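Throughout, read-outs are computed from the coordinates displayed, never taken from laboratory work. The structure presented is a predicted model; accordingly, all values stated were derived computationally and were not measured. For neighbour counting, all protein chains shown are included, and Cβ atoms are generated from backbone atoms with ideal geometry for every residue, glycine included.
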């Protein structure tokens with residue numbers, strides 16, 4: 001009984017070793033063309049020094065570039081303000097008086113942020129705005145101010161200055 005048990009364990013151990021090494025019983029001398037890896041092709045030296053393609057350039061064709069923020073474009077376009085009345089915004093002005101003349105219509109007298117007085121007529125412009133109306137009876141001048149908000153439907157808004165200091169709407 002002892003002999004047969006020892007023989008069984010020896011056979012079981014040999015079977016486990018053969019299962020762990022499946023190629024141990026096969027001959028490796030015969031080549032198998034189906035499993036052979038493809039030969040590696042070497043790149044000639046001439047192809048390694050080829051010029052690269054130019055980088056991709058987006059052509060908007062009168063459309064907004066989707067890769068650039070619309071707010072960045074607004075910052076680039078503004079630039080520095082000019083000096084004098086041409087560099088003042090509607091918020092920098094105070095309407096001091098309105099004079100009407102029979103031949104030229106209304107003339108607005110405004111005080112700028114620099115403390116100086118300026119005479120403005122319809123059609124004249126200041127920084128990012130233009131005068132579209134002067135009403136002497138109501139005591140107002142109306143500016144059409146350019147707006148750079150890409151969410152806005154209109155690229156402008158109308159603003160009024162009334163007689164008196166700091167009365168901008």
Work out, step by step, the length gained on full extension between residue 86 and residue 121: first 0.36 nm times the residue separation, then minus their alpha carbon distance; give nm to one decimal.
11.2 nm
Could you check the simple spin-label distance between residue 138 and residue 100, using points 7 Å along Cα→Cβ, in nm with one decimal?
1.4
If the viscosity is 1.306 mPa s and the temperature 10 °C, what Stokes-Einstein diffusion coefficient in µm²/s follows for the range 85-162 when Rh is the Kirkwood radius over Cα pairs?
124
On a full-extension model of 0.36 nm per residue, what is the gain between residue 64 and residue 111, subtracting their alpha-carbon distance, rounded to one decimal in nm?
13.0 nm
